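These notes are about the structure you will find just below.
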Amino acid sequence: MSTDAIVLLRADHKEIKRLFRRFEKAEKAAEKQSLVKQILELLAVHTYIENEGLYPQVRKQVPDLESDILESYEEHHVADLLCAELADMTPADERFTAKVTVLIESVEHHIEEEESAWFPDVRESLGRKDLQEIGAEMLKLRKKAPKRPKKLKTELVERKAAKAPTKVKVPAQAVAAVRLAEVGDGLPGMETAAR
């Protein structure tokens, strides 16, 4: 198996599209449910390895593709939301097939942009050695990637929380003193901080 990042992603894209075609031809609810489960798992892993393995390196090494990468992050975000919703649905749900159709259209658009628009630029800019190193890292990431949309969503929320500024506890007396300074004590001649 090649460790070239683009070869790995193209193989994922091929499998994703194969599952999409099978879903579109499926007639039985159980088959549709099984296919969606496979699609959601593959997309969760694929999104994770792109977001964590490829995109940060491309942003760092190919600044001309910054806007493409940011757009790809947003396309992944939309797909993640659809996947998380589909994980809680069954083919009996009125909007199940419609939601899968929107997911398919969105992901196929994303794949087309990657493969035709910026994979060639990435290959030219990074070269074989860098793409193999990134691909090797992506293979490691694949082993620990979330397999379910809910787990992926939880992980993303936890990661954002970890990056958020730490809250500092302020003693109640200090808060009261600041508020008093802002409004004064209501006595004539007492200036407030706001004035």
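Before we move on, is residue 108 out of contact with any Lys or Arg (no Cβ under 6 Å at 6 or more places or on another chain), free of Cβ contacts under 8 Å to residues at least 60 places away in the same chain and surrounded by fewer than 18 Cβ atoms within 10 Å (Cβ to Cβ)?
In short, no.
Considering only residues that are hydrophobic (A, V, I, L, M, F, W, C) and over 23 Å from residue 90 (Cβ atoms), look in region 1-50 and name the one that is modelled with the lowest pLDDT.
Within region 1-50, the match that is modelled with the lowest pLDDT is 1.
Tell me which of these residue 121 doesn't satisfy, since it passes every other one: (1) under 29 Å from residue 29 (Cα atoms); (2) surrounded by fewer than 16 Cβ atoms within 10 Å (Cβ to Cβ).
Checking residue 121 against (1) under 29 Å from residue 29 (Cα atoms); (2) surrounded by fewer than 16 Cβ atoms within 10 Å (Cβ to Cβ), the one that fails is (1).
Between a first residue in region 67-79 that is touching a residue at least 24 places away in the same chain (Cβ under 8 Å) and a second residue that is of a type in the set (S, T, N, Q) and crowded, with 19+ Cβ neighbours inside 10 Å, which pairs have beta carbons less than 8 Å apart while being 6 or more apart in sequence or on different chains?
76/47; 76/51; 79/47
The values are calculated or read from the model by the stated rules, or taken from the named source; none is laboratory data. This structure is a prediction, so every number in the text was calculated from the model and none was measured. Note: ideal-geometry Cβ built from the backbone for every residue, glycine included; neighbour counts use all protein chains shown.
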